[in-house]
Amino acid sequence: MKKRQLGRSGLQVSPLCFGGNVFGWTADEATSFKLLDGFTDADLDFIDTADVYSRWVPGHTGGESETIIGKWLKHSSKRNKVIIATKLGMEMAADKKGLSRAYMMRAVEDSLRRLQTDYIDLYQSHSDDEQTPLEETMQAFAELVEQGKVRAIGASNYKVDRLAESLEVSRRLGIPRYESLQPFYNLYDRDRYEAELEPLCLKEEIGVISYFSLAKGFLSGKYRSEADLSKSPRGQGVKAYLDERGFRILAALDELAEQYNATPAQVSLAWLIARPSITAPIASATTLEQLDDLIAATKLELDEAAIEKLNQASA
C-alpha cells in the first residue's frame, strides 16, 4: 500500500483511516479485534479514535474505544506497525474538557494508559477551545512532543480563521504546529471545507483526514427512502440527505459502481482519496464485509471523467 505524507510531520500513513468510534459501541471487543486485524492485514495502518468515544452510549463514560484499541495493541504486538491518532478536548466530565495546559497534561496520561502505549502518533484537538489562549494550548502540545509522549499534533473541527491563527502562533513561538486537520467532508457536504479550509490546507501543506466520509452511511447507497432510515442506529442522521441533490449523487454513484464493478461506498471513498488536498478519509466498519468494502476503495482509481461526473452531480 502506497503511503502518504501527513502534512510536514514526517509521519507516513495509508490512504484510508479506520474510524474507531465504533469500537465498544456498535462493534464489541471481539468484533473490534477482528476488524483491526483485517485492516492491518490489508497493509493499512492509520487508526483514529478519541478519548470521548463512546460517552454518548448509556452507561458509558468515554474511553471505551481507546481501551479496546489498547487491548488489541497488547494482544497483537502491532504497536510499531500502526499510526494511532486520538483526540482530546470534548467534555468527558464537568472538570474534564477543553484545551488548557492543566487539563491536557491529565488527558494525555489517561489516553496513554487506555491505549497501553507510551506515545501517541497524532494527538488532536477534538474541537476548538476559545476560552483558552491558543498560545497556552500550542505550548502544551509542544511540551508533550518534547517529552516524547506525542509525535505530531493536529486539529479537528477548527474554523479557518482559528486554524490560521494557530499556525501563526506556532511560527511566532518556534514550536510544533498542527500538521493535520480533521474536517466534516464528503461528496455531499462540500461547501464548508472547499470554500475556506481547503485553500489554507493546500497552501500550508496540512494533512487532511476527513470524517463522515460516507455522509453517515448515505453514500453507501443503503438509505434511499425514509423507510430505510430504521436500518441502523445512525439512520435518522441521514434524513437530511434524502433530497433532489442527494438522489442525483446516488444515481451517479450507481452508474460508476456498475462501470467499475464496485460499490457506491467504494466509489465515494475513491473520490475523496483522489482529491489532492485529502491525505486519508476516515471510515468505519462494524462487519468484515463492510471492511472489505473500505479496503477495496483504496485500490479503486477513478479516471478524470468519473471524478468530473461526481463533481457535477454533487455541485
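Within the range 11-35, restricting attention to residues that are under 22 Å from ALA152 (Cβ atoms) and in contact with a Lys or Arg (Cβ under 8 Å, 6 or more places away or on another chain), which residue is most open to solvent (accessible area, probe 1.4 Å)?
That would be GLN12.
Mind checking which residues of the range 74-101 are of a type in the set (Ser, Thr, Tyr) and over 22 Å from PHE23 (Cα atoms)?
SER100
So, in the range 205-219, of the ones that are open to solvent by less than 40 Å² (accessible area, probe 1.4 Å) and out of contact with any strand residue (DSSP E or B) (no Cβ under 9 Å at 6 or more places or on another chain), which residue ends up farthest from PRO264 (Cα to Cα)?
Result: ALA215.
Can you find, within the range 220-246, the residue that is surrounded by the most Cβ atoms within 10 Å (Cβ to Cβ) among those that are under 25 Å from ASP292 (Cα atoms) and among the hydrophobic types (A, V, I, L, M, F, W, C)?
Applying the filter and picking the extreme gives VAL238.
Just wondering, is there one or more residues in the range 141-148 that are surrounded by 18 or more Cβ atoms within 10 Å (Cβ to Cβ), modelled with pLDDT of 95 or more and of a type outside the set (Phe, Trp, Tyr)?
Yes.
Which condition number in (1) more than 25 Å from ALA140 (Cα to Cα); (2) over 19 Å from the mean Cα position of the chain (by Cα); (3) modelled with pLDDT of 95 or more; (4) hydrophobic (A, V, I, L, M, F, W, C) is the one that LEU35 fails?
Unmet condition: (2).
Can ASN186 be described as out of contact with any helix residue (DSSP H, G or I) (no Cβ under 9 Å at 6 or more places or on another chain) and polar (S, T, N, Q)?
Details: out of contact with any helix residue (DSSP H, G or I) (no Cβ under 9 Å at 6 or more places or on another chain): no; polar (S, T, N, Q): yes.
In short, no.
With the condition kept exactly as written, say whether any residue in the range 174-190 is surrounded by fewer than 22 Cβ atoms within 10 Å (Cβ to Cβ) and part of a helix (DSSP H, G or I).
no
Taking interchain pairs and intrachain pairs at least six residues apart, which have beta carbon atoms under 9 angstrom, with the first residue in the range 87-99 and under 10 Å from ASP129 (Cβ atoms) and charged (D, E, K, R) and the second assigned to a loop (DSSP other than H, G, I, E, B) and open to solvent by 50 Å² or more (accessible area, probe 1.4 Å)?
Every condition considered, the pairs that remain are LYS97/MET90; LYS97/GLU91.
Scan the range 193-216 and tell me whether some residue there is in contact with a Leu (Cβ under 7 Å, 6 or more places away or on another chain) and basic (Lys, Arg).
no
List the number of the failed condition for SER170; all other conditions in (1) touching a Lys or Arg at 6+ places or on another chain (Cβ under 6 Å); (2) open to solvent by 30 Å² or more (accessible area, probe 1.4 Å) hold.
Just one mismatch for SER170, condition (2).
Assess whether ASP189 counts as being under 25 Å from GLY20 (Cβ atoms) and among the charged types (D, E, K, R).
Yes.
Hey, among the residues in the range 59-109 that are of a type in the set (Ser, Thr, Tyr) and over 19 Å from TYR178 (Cβ atoms), which one's surrounded by the fewest Cβ atoms within 10 Å (Cβ to Cβ)?
SER77
Can you tell me which of VAL160, VAL169, VAL238, VAL208 is at pLDDT below 95 and of a type in the set (Val, Ile, Thr)? Walk me through it before giving the result.
Values: VAL160 fails: at pLDDT below 95; VAL169 fails: at pLDDT below 95; VAL208 fails: at pLDDT below 95.
The match here is VAL238.
Just checking, does the range 130-144 include any residue being in contact (Cβ under 8 Å) with a residue 40 or more places away in the chain and not in a helix (DSSP H, G or I)?
The answer is no; no qualifying residue exists.
The values are calculated or read from the model by the stated rules, or taken from the named source; none is laboratory data. Just so it is clear, the structure is predicted and the values come from calculations on it, not from any experiment. Heads up, the Cβs are rebuilt from the backbone with ideal geometry, glycines too, and the neighbour counts pull from every protein chain shown. Please note that ligands, DNA and RNA were not included when accessible areas were found on the heavy atoms of the full protein model with its side chains. Shrake-Rupley method; radii C 1.70, N 1.55, O 1.52, S 1.80 Å.
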